[in-house]
Structure formats: structure tokens, C-alpha cells
Amino acid sequence: MLNAEKRKTALLLVPIILVLAGYVLYPSIETTIESFQRDGAATLKNYGDFFGSKASSNLEALWNSVYISILSVLFSALIGVPLAFIFNRYDFPGRKFFSGAAIMPIVLPSLVGVMSFMFLYGEAGLVPNAIKDLFNLSKVPFSIGGVSGILLVHAYTMYPYFYMTCSSAINNIDPSLEDAAYNLGSNRWTVFLKVTFPLLTPALVAASLLVFMVSMASFSAPFLLAGGFRVLSLQIYFSKINGNLEMAATQSVILSVVSISFLLFMRWFQNRRDYRMASKGIGAHRSEVSNPFLKWTMVCLGIVAMIILLLPHATLLILSLVPEGTWTWQIYPTTFNLENYILLFKDTSIWDPVRNSLFMAFVASFGCFAFGIITSYALVKRKFIGKNLLDILVMIPWALPATVVGMNLILAFNKPTPFSFGQTLVGTFWILPLAYFVRFIPLVVRSTSAVLEQLDDSIEEAAQNLGAKWFYTFRKIVLPIIMPGVLSGTLLAFVQAVGEFPTSVLLYTLSNRPISIEIMNQLRMFNLGQAAAYGMIQVGLIAIVLFISYKFLGVKSENSM
Amino acid sequence: MSAVNLSNITKKFGDVTAVKELDLKIEEGEFFTFLGPSGCGKTTTLRMIAGFYYPTAGKVKFNDRDMTTVPPEKRNTGMVFQNYALFPHMTVAENVAFGLKVRKLERSKIKEKVKEVLGKVRLEKFIDRQVSQLSGGQQQRVALARALAIEPDILLLDEPLSNLDARLRDEMRTEILRLQRDYGITTIYVTHDQVEALSMSDRIAVFNEGMCQQIGTPTEIYNDPVNDFVAEFIGETNLYNVAYKDNRFHCAALGMEIQVEKPLDERLRNQELKISIRPEAIRVSDEEITGPNALRGKVKIVQFTGAAVHTLIELSKGVQLKVTTLNEGSFTYLQEGVEVVLQLPPEKIRVVPSIRERA
């Protein structure tokens, strides 16, 4: 009966709504309420302070965040788009290798990436000092820091968004469209301007929005490189450290409003989908570079680019081999051994953060796994009122900057609530796994929904027609088919949780201190080798997961973000 | 095995009526086809029989059991989907065994049954293949085997041949018919292809815009269509408006009175009428023909298709006539531009009410 179907849907929705209401909606509401309070009374004062002349630093931080984000979009596009064109439109020796290496920045977790940039180009970095040494200069010729540093790191870590979306868009363009334009008498330039480029606009807009959001939320780069430079995500952290929770809440609300409006704008834009290719199954079409001079110039450029791209990884690896106390006044490290790795297994205080991270990431990603399956299934395969709203609610943790998610959880669970079973979660072990869980729900839901949408309804109907009940069908048919998508999303959630820094720094306690916090501590003690070794663990985990997803789960690297 | 009885079925999706007041009885062991253009309600009706939709009004009965709101898994129907809906993570054998496992048969029994059914569809050799390794025609057979393995009361086929190429389609047509006769199973077949419908069915129901237009054997439907939609949808035909007055049919387009052998059904007296005559029923000659309904025209286009020759003849400005003749050798072909004489035999002309004039 119809009611039976509706009952099933309702039964599915109850846990979904409970979790989302408890851990996404309720914390956001708590933050909003907090932002309207001062000394226990409701007031608009906080917003007055934010925009008023009293604390101009806030407005300055908002402005800085916006303009850094715009510049990040610009620089990422300038690197990512040409690369996408070169690697997908021209064929030259080593093309495949180069195009694979071009996405290497994604295996660096944000904190580790910033760290290796500091090792390389910072005040005491290897590159500036090597140049100083080579040319006998009295001072380092350059070093990154402040705005330039943040922008460099952003361009490096965010250009893959442009590279990947553009690559897939370029490969989706039906070559016959361009052929048709040539056939009608256009020259190369006109074809590019009037046909190819307009077809890429959706991808470019999507990537721009994504990079803008990611860099608005960026925390690690300003945290380590900003110096006195203020950005909004960092201001939240400082307000919280200074104990001004009301101001932290106000700043969170303002950053959330920006991010969520971007999320809504992106959804609207993606649903518009003006340019859909009519034809399907297009083969790649690349033109071979025949001019030998041009060909080898391209190869050389490719090699140089690869060196620059992989330098951070290499630096991290080399530094991780430098034992504590052997690199102090020298320009280059002199001693290399595996001590930092051996210590991991010998010294429990060094091993503890690793264990904590792995355990908490496991718990969180397991939660995401279960919740992701149910939620995607409900969103993709079931009909109910308010589906659009639920869809937005699920994606909110993705749109919210990590700092805001952290603040939300602090303000929601610094007192006993029904959602925390009457416990105060802040200051306990479990607040961090919860934060990771909330942060990475959208990852699993998205990768699961992608496979579920591919699953034709008739498959489920066929099972039902053959006499299988709903749960049997779900277990024996739906789950096995979607498992690769679910697993790849879960694995990604796992490694991201292992590398997560912003929420960790807001919520950690002595008992659950994760890797990224320990990296920060080691950096403060100038024990670069141990910090790099921790970083290598994260990089290694991400590499393994991407490899598994690619090899066994059939996931393309461009879908892994 | 079951008879299927649909009484006064209506199905609405929001404001759209997909099926309207449908009454239908399908006999035990019958091969019954729902035929119609896309969006006519035929698949909706099939899905109501399978249980994927519940009718807004009306009753579905298998024999005397009311199945109107029984969920699909309890109906014991075997359905073959348009895209086959094979389980991609299972082998051929596992696909076929699925329904048997659900029915908790013994392991050895399942094995035996799977072998037997795959033998019937001639796929024994592929028993351990992954379904993705099969060709379209083979996948189709697996889908059939899977549906037949559970010994369903009714076999439901939803445009099963539409994804196959022409030659394979011919082959599978025979195959499906053979299996249906072998098992003697009540079969409901949905298609938009009139050739499939005419060549396979015991009876056909022609659908248009959610309404069943006519139910009958293939010959009844082809030879005696109930209205101009059925006449035009099934096979080729020539349709002309006629006015009925004083027991005579006046056709303005042809500019003459048409003699029809069958007297007009009294119920049609006040409706808009058309005459329908099949292209193969018209006599053509380059010599004088005497007798009723003789016409003159000029050959416009001659299309040679192998077994038959299609000729388009212009009678007067804007009025054309399709004629089909069997290929009886090159001396019988007409030349384009030649004047010919035609005759519409009165016993072959059908007078039908017009339901599509509005369009």
C-alpha cells in the first residue's frame, strides 16, 4: 500500500533528521543566538562592534579575506586552466606522467603543505638561503610571509580545482562542435573564443566559486604565514582564544552567511546547466605537437613545472629524515637517518597523537559511512516533502568554514544537551570525532549519491518483482552496487580527518591531541624533523587511499575532491 | 498461471491522467500486447499489473484474487525491463537464481532450475559469465531466464526489444514466442512497434492518450480498425474525409461519391467520418478500369523496397494516394510522371469515425 512506502521513507528520515538537527542545525542556531547576546542580555551590540569603528580590525579582516580569495581564484585559474589545455589538447612525450603529477598538491593536507612551503621559501627556507649562499649575498633575496605567502600557498593548493574541472570539461566537448565551426569558416582564434571558451564557462564558474569558498575558509595558511595580517577565519580563532565567545560567534555568523550564500549560488548555478553536450561517448582528441623545437620546449617546461610542484613533497621527505638537534646553525642539514620514524614506535608520547588521529578518524568516518548511505539513499531514491531543504542541510557542513564548524560545536556542547545525552562534550575526548564526523558528512553523501544516481530504478524494481522485500533488495542489490562509491568517499573522509587542523586546534584536549596539533607543537619547538615525519604519515595515508580508490574502486582522481 | 482482469482502472499523476477508465480481461495463457505511441499509458498499465503503481481508481484482479494494492514482491509476476535491469555485480547464474533464493529453495534445486532455464534460452555456456561481458541479445535472454525461473503467473515484457538492432530483434521475436508457447504462460507485452504486435500477439489492445481504443486479434485490428487513429497507427493507410447523406458517401477530396460495400453502422451516423483504404488494396493500371470508385492520377514517386513497390500518386492538387504493389518483375514498375488509372474496391473500404481531427 502507498502508506507502507511512506512509512518506510519516514523511518529512514527520522535518524537523518535527528542527526542533522542535533549536530548541524542546532549548533548553528546556538552560535546565532550567542552572537546576539552580551552579558546575558539580547542585543545587537556585537554586530555594531563588528561593523562599527570600535574594532576596525574585524572589518579589515573581512575585507582581507575577500580580496585574498579573489586573488586566489585569479592565480589558481591562471595556473590551472592553461595546464588543463596543454595536457588535454596536445600530445608530447611524458604528457601522461605530467598530467598525473599535476594533481599532486591534493595529497598534501593543508597544514603540511603550508609547513613545507615554510621550509622551502620561508625566512630560514632552503631555497632563499641556497641562493644567498650561491651568490654570496648578505641577506636572503626573498622569503614568503604575509599576503604573498598565503597567496602562493593558495595558488599551489587550489589550482587543481581549476585543473580538474577544466580537464573534464575539455574532454567532454564534442570535437565535432569545433570541427563544425572550422567547417563553417572560422579560424583557430574565433573557434576558441566563440565555441570552446563558452562551453567551458560552467566549469570555470564552478571552479571559481569553489576556490573562493575554500580560500575564504582557509585557516592553516594564514595561521602559519599571516604574521600580523588579519583574515576572518583567523579572527574567530583569536576571539575564542581571548575568551570573547560572543565576538567569535558574531564573526562565525558573518563568515557563515558569506559561505552559505555561495553554496546556494553554486546550487542554483549547477542546476541551470545551460550547456549540456547532446552527444555521448566522445573520444579524446589531442593534436600531436610535431614541431621538434616546440615539442622539447614543452617537455622541458613540463619537467621544470614538475620539479616545482613536487619540491614540497621532496622537502618534506628529506626533512623527515633529519633527527632532532642536528640541524641548528647550518644552512643545510647534514645528518640523515630514520630516527624520527623509529621514535614513533618507541616513544609513546610521540606515537600517541598518531594513534589518537587514526582512532578518531576511524570513528568519524565510520559514522559518515553509515549516515552517508542512509542519507544518500533517501535523497536520491525516495520522494518526500522538503527534500531540497534536507539536501541543503546536508551540504551545509561542507560550505561552512572549518573554524565555524568548530565554533558551532563549542557553543552548542559547552553545556549538557539532549543531543550529547546530557553530557558536556567540550573538553572531552569525543568532541573531536564528532567534529570530524560533521565536517565530512557531505563528502560521503556526495560520492554515494553519485553512484546511486547511476543506479537505474528498474534494478530495484526487478529485485522486487522477483519477490525480494525492500530490506533484502537493499542488502543484496543496492549496497553491493554502490559500495565502491561509498568506500571511496569514506576513505577520503578518513584521510581528511587524519589531516584536519582547524577544528582540531579549536577543540583538542590533552587526551585526544591529534597529529596536526602535534605538528604545530613540534614546529614551535623548532623540531622540524619530527614535524615533517608526522606530515609524511599524513601524505602517505592520502597517497595510499587515492591509489586504492583509483585502482580498486574505479574512482577517477578528479572526483576525489 | 492466471487470467488478468482490469476493471475501470484510472491512474493519475498529479493533474495528468495517464490511464483513463480502462476495462480489460486477459485470458489464461494468452499472448496479449499493449500497443501505442509513447506516453499513451501502456507502460503505466503494465506497471500497475506488476504492482509498481497502484491505480487511483479501479481494480486489478489475477483470476479472482484482488491484487489492486498487493506489493510487487507478493504478486509472482516475472517482468523483463526495457533496459533488462540485470544486477551488474552478479554472474548470469546468480542473476537467474536471485528470485529462487528469495523463495528459499534448496541449493541443489536452485542449481538445477537455473541450468534448466538457461538451457531453454540457450545460454548454458555463459552460466558463470559476468553480465557485463554479454552482448545485448544475450543480456536480453538472461533477463527472460531470470523472469521465467520463478515460474511466474504472468510474464510482463516492457518494450524488451527496443534496445536491439533490427536483425537481432527478429530473432528474439521468435525466441520469445517459442518460450511463451513452451511455458504456456500468460504474457503481457508492451510495444510501440506495430510489426512486433501484429506478428506475435493473440490479441492486441491499442492505446492512445491513456485510453484503450480497440481490443482484438491482429487481423481484426488491421482489417477492421474502429477509428482513424487505429487505422493510421497500425500499418499504412489512405484516409479521406467523407460526408454521409442519403445512404451515400461524398468525398470532397477525391471529388466523387464513394461506393462502400458494408452499410454504415447506425451509431456512427452523426459523427465525422473518414474512409480508410490500405495501399495494398488499391488496384492500379495504365489501362482503363471500369467499375465503381475508379480514379485518375499521375505517378509522383516510386520507392522500391525489395518485396514491394510503394508508389505515391497525385490525384489532383494536394491530394495524394499511397499504393503498394508486390514486386512481380521489372516490367510492372510504374514510371514517375506517367498517368495511371486506379480503383478502390468497395469491399476493401472501411468507414471509420474521426477522433484526431482536432490535431
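The values are calculated or read from the model by the stated rules, or taken from the named source; none is laboratory data. Quantities reported herein were computed from a predicted structural model and do not represent experimental measurements. Using ideal geometry, Cβ is built from the backbone for each residue, glycine included, and neighbour counts are taken over all protein chains shown.
One residue stands out in segment A:501-551 among those that are touching a helix residue (DSSP H, G or I) at 6+ places or on another chain (Cβ under 6 Å) and assigned to a loop (DSSP other than H, G, I, E, B): the one that is nearest to A:VAL405 (Cα to Cα), namely A:PHE501.
Looking at A:ALA468, A:ALA463, just one residue is assigned to a helix (DSSP H, G or I) and either free of Cβ contacts under 8 Å to residues at least 40 places away in the same chain or away from chain B (no Cβ under 14 Å) (or both), and that residue is A:ALA463. All of B:LYS101, B:LYS59 fail the test of being surrounded by fewer than 17 Cβ atoms within 10 Å (Cβ to Cβ) and part of a strand (DSSP E or B), apart from B:LYS59.
Counted as qualifying within segment A:56-130 are the helices (runs of 4 or more DSSP H) with 1 or more residues that are more than 26 Å from A:ILE542 (Cβ to Cβ), namely A:56-89.
The number of residues in segment A:144-197 being in contact (Cβ under 8 Å) with a residue 40 or more places away in the chain, in a loop (DSSP other than H, G, I, E, B) and either among the charged types (D, E, K, R) or farther than 30 Å from A:VAL231 by Cβ (or both) comes to 2. Of all residues being touching a Pro at 6+ places or on another chain (Cβ under 9 Å) and facing chain A (nearest Cβ under 7 Å) in segment B:89-104, which is nearest to A:PRO484 (Cα to Cα)? Just the residue, please. Step by step, filter segment B:89-104, then rank; the result is B:HIS89.
Restricting segment B:62-88 to residues that are at the interface with chain A (Cβ under 7 Å from one of its Cβ atoms) and assigned to a helix (DSSP H, G or I), the residue that is surrounded by the fewest Cβ atoms within 10 Å (Cβ to Cβ) is B:GLU73. Among the residues making up segment B:105-136, those that are of a type in the set (Asp, Glu) and either assigned to a helix (DSSP H, G or I) or within 13 Å of chain A (Cβ to nearest Cβ) (or both) are B:GLU112, B:GLU116, B:GLU124.
Taking the criterion of being buried (at least 19 other Cβ atoms within 10 Å of the Cβ) and either farther than 24 Å from B:GLU151 by Cα or touching a Leu at 6+ places or on another chain (Cβ under 9 Å) (or both), the residues of segment A:456-466 that qualify are A:ILE459, A:ALA462, A:ASN465, A:LEU466. Tallying residues that are part of a helix (DSSP H, G or I) and crowded, with 22+ Cβ neighbours inside 10 Å within segment B:201-228 yields 2. If we scan segment A:410-429, do we find a residue that is closer than 22 Å to A:THR490 by Cβ and surrounded by 24 or more Cβ atoms within 10 Å (Cβ to Cβ)? No, because not a single residue in segment A:410-429 is closer than 22 Å to A:THR490 by Cβ and surrounded by 24 or more Cβ atoms within 10 Å (Cβ to Cβ).
Taking helices (runs of 4 or more DSSP H) as the structural unit, those lying wholly within segment A:288-384 and holding at least 3 residues that are over 30 Å from A:ILE86 (Cα atoms) correspond to A:339-346, A:348-381. In segment A:471-496, the residue that is surrounded by the fewest Cβ atoms within 10 Å (Cβ to Cβ) out of those that are without any contact (Cβ under 8 Å) to a residue 40 or more places away in the chain and not polar (S, T, N, Q) is A:PHE471. B:THR33 falls short on exactly one of the conditions (1) more than 13 Å from chain A (Cβ to nearest Cβ); (2) assigned to a loop (DSSP other than H, G, I, E, B); (3) touching a strand residue (DSSP E or B) at 6+ places or on another chain (Cβ under 7 Å), and that condition is (2). Scanning segment A:82-117 for residues that are closer than 20 Å to A:SER218 by Cα and either basic (Lys, Arg) or modelled with pLDDT under 85 (or both) turns up A:ILE103, A:MET104, A:PRO105, A:ILE106, A:VAL107, A:LEU108, A:PRO109, A:SER110.
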